[in-house]
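Visitor: Take this structure, written in structure tokens, and hold onto it; I'll ask about it next.
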Amino acid sequence: MVAIIDYDAGNIRSVEKAVALLGYEAVVTRERETILSADHIILPGVGAFGDAMDKLGKYGLVHVIHEAVESRIPFLGICLGLQLLFESSEEAPGVEGLSLLPGRILRIPEKPDLKIPHIGWNSLQFPNQGRLFQGIAEGAYVYFVHSYYLEAGEPEIVKAATEYGTLIHASVERDNLFACQFHPEKSSEVGLKILQNFLEI
């Protein structure tokens, strides 16, 4: 069973549909027991960092997420779900993230002819070997929707990167913790393969 954490963030249903398409049971939940009994956990999300941390706190999910990660359940953050795993974000000064991984979330720098938010397809480079990208060719395209990006505190956890006005750490992995700034559930066959790789861990 795959638990998809429900904290009123956008994009939950498309993740649920993608998981079901791959043949797995998906349960959208904020119940501690359901989350901790799952085989895999996904933290999706589209929205604002500060509001999301507030909702996670309101629903008692901050401690549950820490419990789940410490229990070694494979855990995947997507888009805002990636950003929340880190320490802080320029989008919400003074708001502490989940601090499960070292790094900070920065606004994509303004440049002429660069549209923000970044919406569209970008190719991935793989600076380090990652389990999510087994069987995926370097240069494969995935779909992004974001105005803020990750600057990871440890280079070795970065498994995929892309360029959009600056170097963007697009995917990270450490132990049972995985995250993607892009949307695998909206990234066609490449994205489904990434999700499948996660669900087979």
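The values are calculated or read from the model by the stated rules, or taken from the named source; none is laboratory data. Keep in mind it's a predicted model, so treat the numbers as computed, not measured. Every residue, glycine as well, gets a Cβ built from its backbone with ideal geometry; the counts of neighbours run over all protein chains shown. Quick note on the areas: whole protein, heavy atoms, side chains included, nothing else; ligands and nucleic acids left out. Shrake-Rupley method; radii C 1.70, N 1.55, O 1.52, S 1.80 Å.
Visitor: How large is log10 I(q)/I(0) at q = 0.14, 0.15 Å⁻¹ when the Debye formula is applied to the Cα atoms of region 153-201, each weighted equally and without solvent?
Guide: -0.37, -0.43
Visitor: What does a probe at Val27 reach in region 143-187, counting residues whose amide N is under 16 Å from the point 7 Å along Cα→Cβ?
Guide: none
Visitor: Another question, then. In region 116-151, whose amide N lies under 17 Å from the spot 7 Å out along Cα-to-Cβ of Arg104? List them in ranges.
Guide: Output list for this probe position: 148-151.
Visitor: Residues of region 77-191: accessible area per residue at 1.4 Å, in Å²? Kindly include the intermediate steps, with their values, before the conclusion.
Guide: Details: 4910 Å² over 115 residues.
I get 43 Å² per residue for this part.
Visitor: P(r) for region 20-172: what percent of alpha-carbon pairs falls in each 10 Å bin, starting at zero?
Guide: Using 10 Å bins, I get a P(r) of 10, 38, 37, 14, 1 for region 20-172.
Visitor: May I pose another question? Within 10 Å of each candidate Cβ there may be at most 12 other Cβ atoms; applying that plus a DSSP loop requirement, which trypsin sites (Lys or Arg not before Pro) in region 80-180 survive?
Guide: Taking region 80-180 and a limit of 12 other Cβ atoms within 10 Å, the loop trypsin sites (Lys or Arg not before Pro) found are Lys115.
Visitor: Starting from the eigenvalues of the Cα gyration tensor, five times each then square-rooted, give me the equivalent ellipsoid semi-axes of region 111-198, largest first, whole Å.
Guide: Over the Cα atoms of region 111-198, the ellipsoid semi-axes are 20, 16, 11 Å.
Visitor: Taking H placed 1.01 Å from N in the peptide plane, check which residues at least 5 places from Gly10 or on another chain put their amide H under 5 Å from its amide H.
Guide: Counting only residues 5 or more places away or on other chains, the set is Val46.
Visitor: Among all stretches of the chain without exposed GluC sites (Glu not before Pro) (DSSP loop, at most 16 other Cβ atoms within 10 Å), which one is longest? Provide the component values of the computation, followed by the final result.
Guide: Numbers: sites that count: Glu25, Glu31, Glu87, Glu90, Glu96, Glu110, Glu138, Glu200.
Here the longest run is 139-199.
Visitor: Right, something else. Do me a favour and compute the ellipsoid semi-axes for region 1-92 from its Cα gyration tensor, root of five times each eigenvalue, largest one first, whole Å.
Guide: Those come to 20, 15, 11 Å.
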